[in-house]
1. Can you name every residue in the stretch B:762-773 that is modelled with pLDDT under 95 and touching a helix residue (DSSP H, G or I) at 6+ places or on another chain (Cβ under 9 Å)?
2. Do you know which of the residues in the stretch B:558-579 that are in contact with a strand residue (DSSP E or B) (Cβ under 9 Å, 6 or more places away or on another chain) and part of a helix (DSSP H, G or I) is surrounded by the fewest Cβ atoms within 10 Å (Cβ to Cβ)?
3. Which one is nearest to the chain's Cα centre (by Cα), of the residues in the stretch B:49-97 that are modelled with pLDDT under 90, surrounded by fewer than 17 Cβ atoms within 10 Å (Cβ to Cβ) and within 29 Å of residue B:183 (Cα to Cα)?
4. Can you find even one residue in the stretch B:637-644 that is touching a helix residue (DSSP H, G or I) at 6+ places or on another chain (Cβ under 9 Å), closer than 30 Å to residue A:163 by Cα, assigned to a loop (DSSP other than H, G, I, E, B) and modelled with pLDDT under 95?
5. Considering only residues that are within 14 Å of another protein chain (Cβ to nearest Cβ) and part of a helix (DSSP H, G or I), which ones fall in the stretch B:440-454?
6. Sort out which residues of the stretch A:214-239 are in contact with a strand residue (DSSP E or B) (Cβ under 9 Å, 6 or more places away or on another chain), part of a helix (DSSP H, G or I) and either modelled with pLDDT under 95 or at the interface with chain B (Cβ under 8 Å from one of its Cβ atoms) (or both), and write them in order of number.
7. Kindly provide the set of residues from the stretch B:417-456 that are within 23 Å of residue B:296 (Cα to Cα) and in contact with a strand residue (DSSP E or B) (Cβ under 7 Å, 6 or more places away or on another chain), ordered by number.
8. Enumerate the strands (runs of 3 or more DSSP E) found wholly within the stretch B:739-851, keeping only those where 2 or more residues are farther than 19 Å from residue B:641 by Cβ and in the same structural domain as residue B:646 (by TED's automatic domain parsing).
């Protein structure tokens, strides 16, 4: 009987070697471990054996059974591994096929630039103040130290609004800069406490309009971001430092700024600010027209007349203002050669940002 | 303002390289836009060329260098015709070293063609063999090197140069004929080499619109003294003064009717001048400064204007005498024009003048428009030349201005010279009214100090005498009724520190201001009183004057030397800006949902907006008084119209578009805008949000996607998501147990109801309301409206929302809900209802009947078909039952379900489908 068990074991193991698929593995299990398999018939016949033989034969039969079950498990695992390997090999994708397109939405490039400026100035304590786009001549010019018929008005060609009323020297106009907001903000803040108005640190973004021939560099409508700080000890040095910090954050940590004397009626001293060309590092390139510098804004100390018109005593308060063109900054940063792209809204342009 | 360096040197020594000078002027507010080299060596060893600046110079440069050993002054002693070329002349010349014979075809040497030995040698600019000059025959600036060649059998290796060949001007009509005193053999660059700074003049730097004005700045910036004597020349170099006959006061008088408009008027008289071309060096300077030489008299007025900044005007004195029947006394009157008064200006145009225009007149009538342009009749006249005006405008053939050529056969011999001061805003107004910009009005419209009137007139007379001979009638007639106040400003080192952030001693401040010719005196320990010099009108008084001085101090001290500091002032009270923050949140949400932001022009036309078919009030348009284009004459009243134009513009390139814009409309208001509190008649500027969707739902790729066209429900999905994400109307609080009123039960929840807006399809549009307040409308564009646009056939979904109203509905904060701890019970409910019943009504009844246990009612199927009969539809809902404090038992749910079904049957006649 022991011999027979050895044969059963041998035969089963030999047969197992030929099993190559999971399906035939089941057939092998039925044949060699199933209810009517030779091994099972040995178990079935145990009772018929002489009593003294039973323990030895039984023990041996159990050993064979365990052995075959282990072999089955191992074989099964081997076959599973092989099958997995085969199937993985068959499931090769062409990874160069395009991905499924995702419908992304985008902000207008100017919005993106403005937001970055809001963030940079926001961290310096400047808060956004917005004001209207149709203004009076008084707010847009007179209170900002542009008297009627002053030659400085030639710098800002103006769209006028038709009016039924006789408005004399105070016609309605489209604002030529966001500076009327300076007066509106200062008056708002000083009205609450005229004797001791609070300091001001604001940025004034918004659309402005100039009556100009449209070309690649000028459009009839453009955004401006104006910066205004008023307090009891603000200096031209603070203006330089604030603008230099802003420029480093917008254009690169090592970018230098240069202040040139200039003229705006509502600031004095006034300056134009150039930043070192961040595209060529000041070496000269087509964008900076070889100069190594890019003009990015006008600025200056708030003119005493403007402070006074805003309700701030120029003998006690001082301040600075600066005006930046978000479209111009966007153009410089992304090498956009024509400002007219901004409001035409060709999606082939907008989708690049 | 073009400033030849040689001219500048008449007033100040230049101690630094030209490029450095240009840089310093630029930083100090006189922006040098370009440097043109005319003979002087270019930087960086270049011979010539046009650079668009370089990293060291930072300024555009152009021009050519005249090699000292190759281009020299030569003297032509003999001229003979070329034996076998009619149009060529052979010139024998001496260049200081040897004689040469040079071939030329210059038309201005033709008159000398057969003359042989010259009585008086001609001085010319001579380029030796190997010299590099511009090719005169080619357009533009092509550098060429003179090489030996045979021309018509003649050995040619050098050249007598034209202005074009030397880069002076574009003139190649003839060769340069130098003044008689030009030293033979001298390098031309030493004799007349130059460089020209092109400086842009800002409205507050009018004082620098002259050579002297720039020289003052150069002197202050470089610490050099200013040579005060004009041109550095001795006055009256041997000039004759009239010492007999009538005194000037007997001949002339001046009446000023409005001193506010004409604070000063000065007249001088020079007699017996001989009109001819000016010396070459004068012509050269005028050309380099951008003006055309005319004749010695006109050139003298222009030269003095460029030099000192005071525009002068020369009259033909005899014409004036003739106008008053040869009376011996000419009276000049300045006054404003009479209504409808006319004057023919020297450009030949008869101009009708308005009552604000100031005229220079005599007793017979108007002579010129003050400070702007002379009249044709009394203009200086050169009978030997084409008629040209002082500005060098050629009169058109056959229409001699004012018919003066027929009236006058003789050149001017006696010149009356005007130097005056005018109110600059009035001049500016006249220039605009008459559209007459000129070199004179450029200066007068920016302000010229009355002190310059006398100085200019004297200089003009001096130059006339120098170039045209004649005798100056001694003295001037000077009417000066309104001298300007000389502003005197107090300034202290404390002021400088407070505004500029730098510590300057009183001595240093004084030094800077005195370099700019301020008259300074120390009044207290540490306080300086500075009086403005008499060439400046840009200095104010009091605190404005202080700001003016601070600017001068900062400029001359150098902006670059002021250290950068960080704001150390008190930080203002920080405020939140909910309107902006919420608006930005809407932008973020819409872009998250795949929409693109656009920004359009605010200006449009009524016709363009009418295409959208909205009921816009024509009276409410904000109209431009000076529109720049015929299709942009009003401010928009519809934001959707702007976005529709964007859709139309992109329709050929993009089938699928998902766009939005946020921005203001402009609605004219009667009686003022309450938001400004000023009642100034300002329009309202309400903010709107416009959305347009069109095209396939998915983006086509290589795998199947849903490419059916977007419809009403796509847009509704966007709007619902937007309002939900903004938490509009969500303010509920849980009760003690944790039950909360479902948010949809609140009166503040958005509702979507059928609307009747003319731009939308009548059956495919809805209005959004929150708490009864309208937020906007949306829907599919009406087929008749879409016909007005050039668009493909796919449905176009559009919305225009009242952004201000929407922003106001966004709660300051919202609350989250705990994640339920107990399992929900889910159940489906299919109902058969009338087709006309709005689905929302069914959901409403389910919610109301279900109460707070029903936390979710989701429609998952709408079915219509024969099976259920015509006029019916089946709505299938998935219901979520959920309690915050326990696991719901079947009996809990069964009771609620029964209640719901009963209410649906009773109120909506709904039938439960099994």
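1. Within the stretch B:762-773, B:770, B:771, B:773 meet the criteria.
2. The qualifying residue surrounded by the fewest Cβ atoms within 10 Å (Cβ to Cβ) is B:560.
3. The residue in question is B:49.
4. Taking every residue of the stretch B:637-644 in turn, none turns out to be touching a helix residue (DSSP H, G or I) at 6+ places or on another chain (Cβ under 9 Å), closer than 30 Å to residue A:163 by Cα, assigned to a loop (DSSP other than H, G, I, E, B) and modelled with pLDDT under 95.
5. B:441, B:442, B:443, B:444
6. A:236, A:238
7. Those that are within 23 Å of residue B:296 (Cα to Cα) and in contact with a strand residue (DSSP E or B) (Cβ under 7 Å, 6 or more places away or on another chain): B:417, B:418, B:419, B:420, B:438, B:453, B:454, B:456.
8. Working: elements: B:750-754, B:760-770, B:773-781, B:796-802, B:825-834.
Per the criteria, B:750-754, B:760-770, B:773-781.
The values are calculated or read from the model by the stated rules, or taken from the named source; none is laboratory data. Remember, predicted model here, so these are calculated numbers, not experimental data. Here the Cβ is made from the backbone with ideal geometry for all residues, glycine too, and neighbour counts use every protein chain on show.
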